[in-house]
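Okay, so here's the structure we're looking at.
The values are calculated or read from the model by the stated rules, or taken from the named source; none is laboratory data. This structure is a prediction, so every number in the text was calculated from the model and none was measured. Here the Cβ positions follow ideal geometry from the backbone for every residue, glycine too, while neighbour counts run over all protein chains shown. Please note that ligands, DNA and RNA were not included when accessible areas were found on the heavy atoms of the full protein model with its side chains. Shrake-Rupley method; radii C 1.70, N 1.55, O 1.52, S 1.80 Å.
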Amino acid sequence: GPAVVVGGSWRACHAADLLLAAGREVVVIESGAALAIDMGEQQGHVLRERVRSHPRCTVVLGATVEEIAADRVRVWASADGATTDVPAALVVIASRLAPQRDLADRLRASTGIEVHVVGDAVQPRRLADALLEGACVGARI
């Protein structure tokens, strides 16, 4: 059976791309209306097109995973409410990122040193946002 990638972020698209390069058949399931929107239009164009247009890849947009079983993934399509079982020999879950400030908070509290948080640790976004944030912090210190 194919590899099923749950999620359509840039990480999910990279995982799908690697699986396709390894010769696997891939199904990408994304709840949103487009792939890799977290990469930005220009940055993600090549990766999105490579995944979307690959002959061994099926992209299912506007769908959510209801169940993962040993040999299948049950998918619900929001457009028509249909539920479909997708065969799956492998499942990759590329869940949404969440900010991670715990280490910075602990360092501030326990050491009193100046700590700056940038990039996805502040809020998961695009690479360009993280680079700009890092440059701004670098300029301030």
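Points to keep in mind about this one:
- Of the candidates GLU41, GLU25, GLU49, the single residue that is more than 27 Å from LEU131 (Cα to Cα) and open to solvent by 40 Å² or more (accessible area, probe 1.4 Å) is GLU25.
- Pairs, first part of a loop (DSSP other than H, G, I, E, B) in the range 30-47, second surrounded by 14 or more Cβ atoms within 10 Å (Cβ to Cβ) and of a type in the set (Lys, Arg), C-beta under 8 Å, six or more apart: ALA34/ARG48; LEU35/ARG48; LEU35/ARG52; ALA36/ARG48; GLY40/ARG126
- Test: residue in the range 49-66 that is β-branched (Val, Ile, Thr), closer than 17 Å to VAL4 by Cβ and in contact with a Cys (Cβ under 9 Å, 6 or more places away or on another chain): yes
- Every test in (1) surrounded by 18 or more Cβ atoms within 10 Å (Cβ to Cβ); (2) touching a strand residue (DSSP E or B) at 6+ places or on another chain (Cβ under 9 Å); (3) closer than 25 Å to LEU131 by Cα is passed by SER95 save one, and that test is (1).
- The set of residues from the range 68-83 being free of Cβ contacts under 8 Å to residues at least 40 places away in the same chain, over 17 Å from ALA3 (Cβ atoms) and either open to solvent by 50 Å² or more (accessible area, probe 1.4 Å) or not in a strand (DSSP E or B) (or both) comprises TRP76, ALA79, ASP80, GLY81, ALA82, THR83.
- Of all the numbered requirements in (1) in a helix (DSSP H, G or I); (2) in contact (Cβ under 8 Å) with a residue 24 or more places away in the chain; (3) surrounded by 15 or more Cβ atoms within 10 Å (Cβ to Cβ), ALA128 misses one, and that requirement is (3).
- Checking each residue in the range 1-16 for being surrounded by 18 or more Cβ atoms within 10 Å (Cβ to Cβ) and either more than 13 Å from THR64 (Cα to Cα) or β-branched (Val, Ile, Thr) (or both) picks out PRO2, ALA3, VAL4, VAL5, VAL6, SER9, TRP10, ARG11, ALA12, CYS13, ALA15, ALA16.
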